[in-house]
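Q: Below are the C-alpha cells for one structure; questions will follow.
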Amino acid sequence: TPLSQIRNFSIIAHIDHGKSTLADRLIQRTGGLAEREMSAQVLDNMDIEKERGITIKAQTVRLQWKGHVLNLMDTPGHVDFAYEVSRSLAACEGALLVVDAAQGVEAQTLANVYQSIEHDHEILPVINKIDLPAAEPEKVRTEIEDVIGIDASHAVLASAKSGIGIDEILDAIVERIPAPTGDADAPLKAMLVDSWYDPYLGVVILVRVMEGTLKKGQQIKFMQAGTTHLIDRVGCFRPKIEQLTDLGPGEIGFITAQIKDVAQARVGDTLTDAKRPAAEPLEGFKEVQPVVFCGLFPVDANDFEKLRESISKLRLNDASFSFEMETSAALGFGFRCGFLGLLHLEIIQERLTREYDLDLITTAPSVVYKIELTHGGGQIDLHNPADMPDPNRIETIAEPWIEATIYVPDEYLGSILKLCQDRRGIQKNLTYVGGRAQATYELPLNEVVFDFYDRLKSLSKGYASFDYHQIGYREGDLVKMGILVNEEPVDALSMIVHRATAEVRGRGMVERLKELIPRHLFKIPIQAAIGGKVIARETISAMRKDVTAKCYGGDATRKRKLLDKQKKGKAKMREYGSVSIPQEAFIAALRMG
Ligand code: GTP
C-alpha cells in the first residue's frame, strides 16, 4: 500500500465511554464482519475468538475505506498497562478521542490524550452516546476545548450504539489524520507493539514497520533481546487473519517466527534485518517491572499442582507478571506473584478462580521496599513482608512514591482531599475547570495499592477518576505490622505500614477481622502488633449455642439450608491452629475503613 493511503489510529476513551462498541461499528461498516457476526463485541471478548477463528487479543484491525487502509489500534485503558499504551500510541499518527456525551472528560482520558499529544498525534474528538437523554454534546464539546485545550469544533457527534456518525468518523480519519512516513529501502526498523501466545500459531507479534520492509522468510534480529528468528508468517487482521507476503513502512501487521515464549518478545523492542541491521534501535524501549506483589495459595493444599499449571499457562500469554514458589508456615505451598498493579492482580486472580476453577487465598499485596542493612550489609529488595529483616539490622527503608492526578466534581473534593491526606499524600497542585477540580498529589504507592481506587470511587459516587505514574523511592519510617489470631501470627495478613498510620490501620484490621471470622466454641483474641508490642486488640466471644438453635426446631428446610451453607462455607475456610478463617476475610480485612 502506498504510504499516502495508510492511516494508523488508536482510540482513546475512558472506561465505558464506548470504545469497544465504536470499534465494532467501524469494523462492521467497513465490511470486516457481517451483521450476524457482530452479535457480541469483537475486540473485547475472549470466547468469541475460539468460536469463530478470529483473533481478539490482536488489538489491531485493518479496515478498508474509500481506497484507504485504516489500521485501528485498540489500546488497554488502564493505568496498570501504561507502557503498552505508550507503544501502541507510538505506532500511530492519530487518535480518536471518544468522550461520553453524558459523562464528559475524565482523568484517565486526560492522561492518555496528553500522551497522544506528546506523540504528535492528530486528535479527532468523537462525542459518543448522543442518543442518551442525559447527553449534553455541546457542553462536552466546550469541556474538551477548555480542559484538554484542543479544537473540538470538528468533533463528530456519534452514537456507536445506534450507528450515528460512523461514516463521518471514517471520513475524518482519512481527511485529518496524517499518512505515515518511512523509506522502504532503508534498513528495517519495526516496533514490537504487542505479543501473545496463540495455541495454533505460537507467539504472535504485532509490529509497526517504521523503515524498510518485513518479509516472509527473512532472518530478523530483536535489537534489545539480541536474538535472531526466521519469519514464517506475515499478515494482518481484518479481524480475520489474512496472510501477506510483506509489510512496508507505515504498515501495521503481525508476524510469527517460531517463538515459544512471550518473554522473548518484549513490547517496545526493535526488529531489524539480521544481515543488514539498522544502526540504532527505536527510542523508548523500557523493561516493564512488576510493582505489586502478593502470595497466591490454594485453599485446598491438594490444588497446588493445579495452581502451578494454571499460573504457567496464564504466564504464557502475559510476560508482565512474575511468579516463584513460596512456602508459608500457615498457608503451605503457593506462589509469590508480581503484577503491574492492582487491576492486573485482580485480572489474574479472577481468571485463576473462574477459568481454572481454583479457590485461592491472596495475601496482603505489597510493593517493593528497598532496605539498606546496617554495618554495610548491602541493599535488599523486599517483596514479601514475611521476609522483613530484624529491625536492628535495618539502616533505612525506602518505599516507592507516585504522582497521582485526580479529577473530581467540586462537591466531592473535600472528602477526596481528606482521603489523600490520610494516605500521607502531599498536595502539589489544585486547579478548577468548569465545576470540577483537578488535584495532583504525591502519594506513597503502598497507601494506594489496597483500596485507594475503591475509596475514591465510593466517596465521589463514582465520579472521580484517577491516574498515576511512579516517581521513585523515598525513605520512610516503615514497620512490619503482624496480625495474631488466637495468639498465632497469620503471615498472610502481615504488612508493612508507616508508623504514623500503623495504629489506625491495625485497629481497622482487627475490627474487620472480628466481623469476618465466625464465632468458635472458645474466645478468640485478635491482635495487631509491631514487634512484640500490641497496638490493637479485639475479642470474638465464644459461641453459646448450636448454629441451628435459633431455628427453634420448627422449619426443617431452613435448618437444612443453614447446615448446607455451613458445610459449603467450610470448604472455603482455612484452619489456623484451631481457628477457621473464611477465604473472603483475607481480602476483606485489607480494605481500610
Ligand atoms: P471498556 O471496554 O470497559 O473500556 O469500555 P468501553 O469504553 O470499550 O465501552 P463499551 O464499548 O464496552 O461501552 C460501555 C457501555 O456503553 C456498553 O454498555 C455499551 O452498550 C454502551 N454504549 C456504547 N456506545 C453507546 C452509545 O452510543 N449510546 C449508548 N446509549 N450506549 C452506548
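Read the figures in this text as sums done on the coordinates, not as results from a lab. Please read these numbers as outputs of a predicted model, since none were measured by experiment. Note that we place each Cβ from the backbone using ideal geometry, even for glycine, and neighbour counts take in every protein chain shown.
Q: Per 0.36 nm of contour for each residue apart, how much would the distance between Leu521 and Ser4 grow if the chain were fully extended, relative to their Cα-Cα spacing?
A: Value of the extension gain: 178.3 nm.
Q: Need one number: nm distance between label points at Val534 and Val433, each 7 Å from Cα along Cα→Cβ, rounded to one decimal.
A: Inter-label distance under the simple model: 5.3 nm.
Q: Here's another thing I want to ask about it. Positive end of the charge dipole of the chain (Lys, Arg +1 and Asp, Glu -1 on Cβ, about the Cα centre): tell me which of Pro298, Val234, Gly182 has its Cα farthest that way.
A: The one lying farthest along the dipole's positive direction is Pro298.
Q: Size of the dipole of region 283-375 about the Cα centre, Lys and Arg at +1 and Asp and Glu at -1 on the beta carbon, nothing else charged, in debye to 20?
A: So the magnitude is around 140 debye.
Q: Right, here's the next one. Enumerate the amide H contacts of His520 below 5 Å, restricted to partners 5 or more residues apart or on another chain; note that Pro and chain-start residues carry no placed amide H.
A: Met543
Q: Let me ask something additional. Given that compact globular proteins tend to follow 2.2 N^0.38 Å, what is the ratio of the alpha-carbon Rg of the chain to that value?
A: Ratio of Cα Rg to 2.2 N^0.38 Å: 1.07.
Q: Which one of Ile496, Pro133, Gly250 is farthest out on the positive end of the charge dipole of the chain, using unit charges on Cβ (Lys, Arg +1; Asp, Glu -1) and the Cα centre as origin?
A: Farthest towards the positive end: Ile496.
Q: Farthest toward the dipole's positive end in the chain, which of Val85, Ile205, Gly482, given Cβ charges of +1 (Lys, Arg) and -1 (Asp, Glu) about the Cα centre?
A: It is Gly482, whose Cα lies furthest towards the positive end.
Q: By average Cβ neighbour count within 10 Å, what is the ranking of 153-162, 289-298 from highest down?
A: Taking the mean over residues of other Cβ atoms within 10 Å, the ranking is 289-298, 153-162.
Q: Here's another thing I want to ask about it. Taking a virtual spin label 7 Å from the Cα of Ala263 along the C-beta vector, which residues in region 315-334 bring their backbone nitrogen under 14 Å of it?
A: Residues 315-325 fall inside that zone.
Q: Mind running the shape call on region 94-198? Use the C-alpha gyration tensor, a ≥ b ≥ c as the square roots of the eigenvalues: rounded below 1.5 for a/c, prolate if a/b tops b/c, oblate otherwise.
A: Prolate, because a/c is 1.5 or more and a/b exceeds b/c.
Q: On to the next question. Only four residue types carry charge here, +1 at the Cβ of Lys and Arg and -1 at the Cβ of Asp and Glu. Report the dipole size of the chain about the Cα centre in Debye, rounded to the nearest 20.
A: Rounded to the nearest 20 debye, it is 2260 debye.
Q: Let me ask another. Is there a quick way to get the dipole size of region 319-469? I mean about its Cα centre, with the Cβ of Lys and Arg at +1 and of Asp and Glu at -1; what is the value in debye to the nearest 20?
A: Charge dipole of region 319-469: 480 debye, to the nearest 20.
Q: Give me the number: length gained by fully extending Phe304 to Asp387, i.e. 0.36 nm times residue separation minus the C-alpha to C-alpha distance, one decimal in nm.
A: In short, 27.7 nm is gained.
Q: If you don't mind, there's one more thing I want to ask. So if we plug the beta-carbon distance of Ile471 and Thr245 into 1/(1 + (r/R0)^6) with R0 = 56 Å, what FRET efficiency do we get, rounded to 0.05?
A: So, using R0 = 56 Å, E works out to roughly 0.75.
Q: Would you mind classifying region 336-481 by shape? Square roots of the alpha carbon gyration tensor eigenvalues, ordered a ≥ b ≥ c; an a/c under 1.5 is rounded, otherwise it is prolate if a/b is larger than b/c and oblate if not.
A: Since a/c reaches 1.5 but b/c is at least a/b, the shape of region 336-481 is classed as oblate.
Q: Of the peptides 93-100, 82-89, 168-175, how do they stack up when ordered by the mean number of other Cβ atoms within 10 Å, highest first?
A: Result, highest mean Cβ count within 10 Å first: 93-100, 82-89, 168-175.
Q: Using Cβ counts within 10 Å as a stand-in for footprinting exposure, how do Thr440, Thr109, Thr374 rank, fewest first?
A: Thr374, Thr440, Thr109
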